[in-house]
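Data block below; observations after.
The values are calculated or read from the model by the stated rules, or taken from the named source; none is laboratory data. The structure presented is a predicted model; accordingly, all values stated were derived computationally and were not measured. Cβ placement follows ideal geometry from the backbone for every residue including glycine, while neighbour counts extend to all protein chains displayed.
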Amino acid sequence: MSDLSIDLHWQRAGPVLHTGKFSNAHTVQYNSSFDVQVDAAPDWGGDPAHTNPEQALAAALSSCHMMTFLALAAKAGWPVASYHDHATAHLGKNAKGQMAVTQIDLHPVVRFDTGFTLDPTELAQMQHRAHRYCFIANTLSDSVEVNIL
């Protein structure tokens, strides 16, 4: 199978590392060319102008779900014209009492070419299939909810 990697770089800005007095801001580099500025979530003192790991997790799931859906739709001959999603990662305590992303909600909206109609039940079934086959969703197990509009 494939091995996929990123490079992460963090540099201490102050003279010493003290609890609660250092920046979590860092850079994640994809494919040796694309840098993303990352920090803690704003509720944990991070810069709201930067992404955070929880958003990145929601983005990874949303992207994987969309690519899986598009592959299945193409195989079924569905003329998908556009796909939009609003994904939300929910932070809370898991069953062990630890802070975690306890759920990620996806809200995919799919538009088709003019003249193509589809029963809403068929669309829902295809979204559920996409969830079942998505690599990231399989990694996250049961903490994902797909809300079809």
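Structure data summary
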| read-out | value |
| --- | --- |
| Residue within the stretch 81-98 that is more than 15 Å from the chain's Cα centre (by Cα) and buried (at least 17 other Cβ atoms within 10 Å of the Cβ) present | no |
| Search result, residues across the stretch 75-88 that are farther than 29 Å from Pro53 by Cα and either in a loop (DSSP other than H, G, I, E, B) or at pLDDT below 95 (or both) | Gly77, Trp78, Pro79 |
| Count - residues of the stretch 3-42 that are touching a residue at least 24 places away in the same chain (Cβ under 8 Å), within 21 Å of Leu140 (Cβ to Cβ) and not in a strand (DSSP E or B) | 1 |
| Selected residue [more than 29 Å from Ala25 (Cβ to Cβ), in a helix (DSSP H, G or I), under 12 Å from the mean Cα position of the chain (by Cα) and in contact (Cβ under 8 Å) with a residue 12 or more places away in the chain] from Ala124, Ala137, Ala130, Ala59 | Ala137 |
| Any pair with Cβ under 6 angstrom, 6 or more apart, that starts in the stretch 89-115 at a residue that is on the phi < 0 side of the Ramachandran plot and part of a loop (DSSP other than H, G, I, E, B) and ends at one that is among the hydrophobic types (A, V, I, L, M, F, W, C) and surrounded by fewer than 15 Cβ atoms within 10 Å (Cβ to Cβ) | Asp113/Ala81 |
| Any hit, the stretch 61-75, residues being loosely packed, with under 13 Cβ neighbours inside 10 Å, closer than 17 Å to Asn147 by Cβ and either of a type outside the set (Gly, Ala, Ser) or not assigned by TED's automatic domain parsing to the domain that holds Gln125 (or both) | no |
